[in-house]
Amino acid sequence: MNPLKKLHAEQDQAVWLDFVARGFVQEGGLKRLVEEDGLRGVTSNPAIFEKAIGHSDEYDDALKRAKLAAKAGVIKGVLWHQGEADTVKQGDAESYEARLARMFKDLRADLKQPELPIVVGQLGDFLSETPEKNPHAETVRAALKHVPQAVPNVGFADSAGLNHKGDKLHFNAEGAKELGIRYSKAMQQIQKP
């Protein structure tokens with residue numbers, strides 16, 4: 001028997017790892033430690049954890065594309081419409097605003113545009129009609145509405161009164177068009193000198 005597994009089996013001692021990095025997780029290192037060595041947990045200083053795991057591949061890819069686009073032009077603003085996945089778990093919903101604010105700060109720093117205008121769009125109020133799928137929709141919706149008060153140079157595009165396409169998740173064509181108009185108006189408001 002593996003000595004670490006034996007330690008748990010015989011002495012009820014759990015082995016924890018005080019290290020984490022995205023590459024280590026993606027390459028299967030963490031999984032191997034759990035399966036082969038009986039690792040019971042991972043701990044890390046929150047700041048270290050955020051730096052190690054913080055940004056996703058999606059963030060990295062978007063940043064790479066933005067930097068590439070900036071070589072041929074100027075990034076005048078960012079439109080943000082996301083949050084549905086964060087309505088499922090209470091912890092994700094409750095931490096959404098802080099994580100979003102931090103990501104906007106990081107994005108501005110990474111693009112070297114500290115005043116980059118950003119407009120967040122509200123999730124459809126129809127998400128609240130599916131509490132079995134999106135039990136924390138109102139928490140995320142409140143966070144999105146509050147972000148412009150917490151983060152400078154951020155606007156808000158409200159989705160009030162817009163309809164879904166039948167799935168209670170995505171806006172229908174008319175709703176998407178109207179939301180686009182609202183995004184435009186919000187961006188114009190924060191880009192005024």
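Would you mind calculating the gained length between GLU132 and LYS192 on full extension (0.36 nm times residue separation, minus the Cα-Cα distance), in nm to one decimal?
17.4 nm
Between rounded, prolate and oblate, where does segment 80-125 land on the alpha carbon gyration tensor, with a ≥ b ≥ c its root eigenvalues, rounded for a/c under 1.5, else prolate if a/b exceeds b/c?
Numbers: a/c = 3.48, a/b = 1.77, b/c = 1.96.
Oblate.
Nearest 0.05, what FRET efficiency do LYS145 and GLU35 give at R0 = 35 Å with Cβ-Cβ as r?
0.20
According to a simple spin-label model (label point 7 Å from Cα along Cα-to-Cβ), what is the distance in nm between ASP92 and LYS112?
If labels sit at LYS112 and ASP92, their model points lie 3.5 nm apart.
Percent relative contact order of segment 75-193, based on C-alpha pairs within less than 8 angstrom and at least six residues apart? Working shown, then result.
On the way: 179 pairs, mean separation 35.3, N = 119.
Rounded, it is 30 percent for segment 75-193.
For the charge dipole of segment 134-193, defined by +1 on Lys and Arg C-beta atoms and -1 on Asp and Glu C-beta atoms about the Cα centroid, which residue among TYR183, ASN172, LEU162 has the Cα displaced farthest towards the positive pole?
TYR183
Extending each Cα 7 Å along its Cβ direction at GLN82 and GLU10, get the distance between those two points in nm, one decimal.
4.8
Report in % the part of the accessible area of segment 64-155 that belongs to carbon and sulfur, leaving out ligands and nucleic acids; probe 1.4 Å.
Result for segment 64-155: 56 percent of the exposed heavy-atom area is carbon or sulfur.
The values are calculated or read from the model by the stated rules, or taken from the named source; none is laboratory data. It should be emphasised that the depicted structure is a prediction, and the values quoted were computed from it without experimental measurement. Reconstructed Cβ throughout: ideal geometry from the backbone, glycine too, with neighbour counts over all protein chains shown. Just so you know, the surface numbers come from the protein's heavy atoms only, side chains and all, with ligands and any DNA or RNA stripped out. Shrake-Rupley method; radii C 1.70, N 1.55, O 1.52, S 1.80 Å.
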